[in-house]
Amino acid sequence: MTVNIPRESILFLALFFSFSNAIAQTELSYYLPENVNYNENIPTPASIIGHEIGEWHVTHDKLTQYFYELGEFSERVKVEKIGQTYEFRPLLNVIITSKKNHDKLEQLRLQHLQLSDPNQSDDLKIENMPVVVRLGYSVHGNEQSGANASLLVAYHLAAAQGEEIDKLLENCIILIDPSLNPDGLQRFSTWVNEHKSKNMNTDPNGREFGESWPGGRTNHYWFDLNRDWLLAQHPESIARLKAYHDWMPNIQTDHHEMGSDATFFFQPGIPSRKHPLIPETNVTLTEKIGKFHANILDKNQRLYYTKESFDDFYFGKGSTYPDIQGGVGILFEQASSRGHLRETENGTISFPFTIKGQFLTSLSTLEAAETLKTELLDYQRSFYKDAVKTGESAKGEAIIFGTKHDPARAILLGQVLLRHKIELYEIQKDTEIQGKKFYADRSFVVPLNQPQGTLVKAIFERRTSFKDSLFYDVSAWDFDLSYNTGLAWISGNALSSTKGEQVEILNLPDGNVDSKSEYAYLIDWNQYYAPGLLNVLLKNKLIVKVASEPFSDNQGQEYRRGSILIPVGIQGKSSDEVFELLSKYASKYHVKAAAIKSGFSSKGVDLGSNAFINVRQPKIGLLVNRGVSGYEAGEVWHLLDQRYDMFVSLISTDIIERIKLGRYNVLILPGGSYSSLNSTAQERLKEWVKNGGTLIAWKDALRFVSKLQIADLKFKKAVKDTTSVIPYSDRSKARGAQVIGGAIFNMEIDETHPLAYGYDQKTIPVFKRGTIALEPAKNTAWNPFKYTQNPLLSGYVSKENIEKIKGSPAASIATFGEGKVIAFIDDYNFRAYWYGTNRLFINGIFFGNQISTR
């Protein structure tokens, strides 16, 4: 019997099933283009990973296994291991192109790099050169459609046959990063797979769709790697940057997921939120490439949108970093199934459906790259030629930066610049510029007249005026402020007389003990890695003291408050053992220690004074779990564990009421609501502080601290909401303008306070996110830090919020019983690159119990 179905019904069913497509449709043919033959000798993903794509969330071990197998079977594929994660998972760079190109791959790579060298690029015949495309998948580990799609893309490029694929591979060198965040991917795939039912339930309230804290978005230490392209603090980013600069791709894609009730987004983003250093040609090319995405999504009857959200402002994202490198970054955001099959406002969405969206736009990217090949190559050449031509700022031709005492921070900053292929030079001798002193062993010159001159501007130039008041991420990130280095702009004779040899590699300073002493050793606390040394000395049961007053030793060498004293005679070890221990760890932590022959000081307190206070061994608990910022908790964990080798217990908030808190003397509360702590747990915390514990909290955790009534914190009122008097359509933007998403403020510090030990400056740059502000305390001793009267150094902050925050306390100290509460308004460990304020936080750990609030 023949059944006539109305055409309208057929169209409706096609649209519905193209979106929801039942989970059973996971055969390879569902994804792949029609009318394409595939080489049967190339293994399919299912033949290696053991299941069809989309049937399960692929684990990283299986993902990696498939790519290695593909490299063995296909002459089009080369697989490189470029690094590994904190959990030792491999980071891959998969190169796919024609055999002809593979045979001369190094020659093509070096030729392509000449496009970014204005001294060599003019003579290149770009019409004969392949375009380089880098496809990056799932930097957020719980957005897995991208990583799963990478298997399909690789299989298609390796196995497809015919003139079309041959032409594509001849004209393109394709780099695939199948998993930008292996540790997060493994964490999330384990969660969703272990909660998958045979009879899949689409109820969004199901456990499958509610991953446990902190989720799979982040890396091992809970950092968002899609904010680390510029900061370059983690092994994933460091390896990836090297791979990026080894090839300098013309297009880089960044495949993400968004809310399940959305559709699909591709760039361009909101036009007014483009960084002014991004050329208009980049925007034009992005729009041209976007037409290829629209075309393939239209053919597949998929809904999408552009230009309404997301932006190209912060260069630390995978889709924006290429825009300051002569390439074009493309962000894709696919509505997420968050599991295998889920109800949404647009019908039921399956994991295979989301994977196919990423696969389709990978293909459209390659089609665009091949079609626009000459334009893309010419744009990259022009970008770097223009960078050199405009190689100066209104402020000068070059930047000089350095530190007054601690060389480590200047060197750490220099190392990051070298990762970005920025030219860096030593200074010839100690010099003074614009009233600032720069020392030859800890200062560097960065000329703007270099291929990466535009990136140098992006990293160092201050911005406080903007076309738009809304930002997807931060509005400021100036590196000299984050590393707390001095900076000056120089030109002309000053530049030529200062600039020394080019720096090719930078190592941290050697640490040592200048000689053996039978009496004592002193350590200047301003050295960045000194906390690591102090911690290991305490772990080895040495008695260590901190100076609460300045002094000069018997040779006249000045020491500031915070200097660390290791007396020899009172230790339970011989002088040889003390010297050996100190020498070993001073070297490891790049710290210089001085041997002292006498306790007599030529100025100030003597070494036997009560002004030298014993430092207790920190026993640290870090509160984690739902209601706590995973990012901020991860920053603490990373700082203590990776940089200072300090033990820190990650304590889940749901066990506070039943564990022995007395084993800790420091508890750390990152930003969060702490709403999961019941009244019993709250009373346990209060009792712990009362008995002598030091509690350190910041940002919105201060409201919880206030609720505990262990510190007298009075919060300023929020900026008045005036949106009721403006048109409805403008209200969201007006409210957004009162958000502080990320700016840099100037903060006054009391240099004599234990929290400021190691600093010899009256103000310090601090990263500010959020609008919390405190009223001044009755006793000035309770507020050792406060914002200046003109606090904004860089970034966007509304006039109303500046008025509210200026001059207000940036920290508050309270005594509760025998214990101390240290309340910071800001996150002093922001994204692991805010080196300048790490010590303020560390001082709270080591010296917080010594603070007097009288």
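The values are calculated or read from the model by the stated rules, or taken from the named source; none is laboratory data. Note that the structure is a prediction, hence the values are computed from the model and not measured. Counting neighbours? That spans all protein chains shown, and the Cβs are built from the backbone with ideal geometry, glycine included. To get the accessible areas, we keep the full protein, side chains included, count just its heavy atoms, and leave off ligands, DNA and RNA. Shrake-Rupley method; radii C 1.70, N 1.55, O 1.52, S 1.80 Å.
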message: Checking the condition open to solvent by 10 Å² or more (accessible area, probe 1.4 Å) and either hydrophobic (A, V, I, L, M, F, W, C) or part of a loop (DSSP other than H, G, I, E, B) (or both), which residue from L650, L639, L622 passes?
response: L650
task: Those residues that are assigned to a helix (DSSP H, G or I) and touching a Phe, Trp or Tyr at 6+ places or on another chain (Cβ under 9 Å), I need them from region 158-175; list them, please.
output: A158, A159
Every residue from region 213-255 that is open to solvent by 10 Å² or more (accessible area, probe 1.4 Å), among the acidic types (D, E) and within 13 Å of the chain's Cα centre (by Cα): D224
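Take V79 and decide whether it is crowded, with 18+ Cβ neighbours inside 10 Å, of a type in the set (V, I, T) and part of a strand (DSSP E or B).
yes
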- request: Determine whether Y384 is under 30 Å from L135 (Cα atoms) and in contact (Cβ under 8 Å) with a residue 60 or more places away in the chain.
  value: yes
- prompt: Scanning region 806-826 for residues that are open to solvent by 10 Å² or more (accessible area, probe 1.4 Å) and more than 19 Å from P776 (Cβ to Cβ), which turns out nearest to the chain's Cα centre (by Cα)?
  reply: K820
message: For region 562-592, which positions are in contact with a Phe, Trp or Tyr (Cβ under 7 Å, 6 or more places away or on another chain) and within 24 Å of D641 (Cβ to Cβ)?
response: G562, I564, L582, Y589, H590, V591
- line: If we ask which residues in region 680-703 are under 33 Å from the mean Cα position of the chain (by Cα) and open to solvent by 10 Å² or more (accessible area, probe 1.4 Å), their number turns out to be 4
- prompt: Listed residues V153, V139, V132; which is β-branched (V, I, T), in a strand (DSSP E or B) and within 27 Å of S364 (Cβ to Cβ)?
  reply: V132
- request: Mind listing whichever residues of region 270-292 are in contact (Cβ under 8 Å) with a residue 60 or more places away in the chain, under 30 Å from W834 (Cβ atoms) and open to solvent by less than 10 Å² (accessible area, probe 1.4 Å)?
  value: H275, N282
task: Would you mention how many residues in region 31-76 are within 30 Å of Q642 (Cβ to Cβ), open to solvent by less than 40 Å² (accessible area, probe 1.4 Å) and in a helix (DSSP H, G or I)?
output: 4
task: Could you please find all residues in region 192-234 being without any contact (Cβ under 8 Å) to a residue 60 or more places away in the chain and touching a Gly at 6+ places or on another chain (Cβ under 7 Å)?
output: none
task: Check whether at least one residue in region 812-834 is under 21 Å from L413 (Cβ atoms), part of a helix (DSSP H, G or I), touching a residue at least 60 places away in the same chain (Cβ under 8 Å) and not charged (D, E, K, R), and report yes or no.
output: yes
- prompt: Pairs, please: C-beta under 9 Å, at least 6 apart or cross-chain, first residue more than 14 Å from K100 (Cβ to Cβ) and in region 162-183, second charged (D, E, K, R) and in a strand (DSSP E or B)?
  reply: I174/R134; L175/R134; I176/R134; D177/R134; L180/D254
message: Within region 476-494, does at least one residue satisfy the condition of being outside any helix (DSSP H, G or I), surrounded by fewer than 17 Cβ atoms within 10 Å (Cβ to Cβ) and of a type in the set (D, E, K, R)?
response: no
statement: For region 126-146, pairs from a residue that is on the phi > 0 side of the Ramachandran plot to a residue that is in a strand (DSSP E or B) and of a type outside the set (K, R), with Cβ under 7 Å and 6 or more apart or across chains, are S138/H255
statement: Exactly one of V725, V705 is touching a residue at least 12 places away in the same chain (Cβ under 8 Å) and farther than 19 Å from K806 by Cβ, and that one is V705
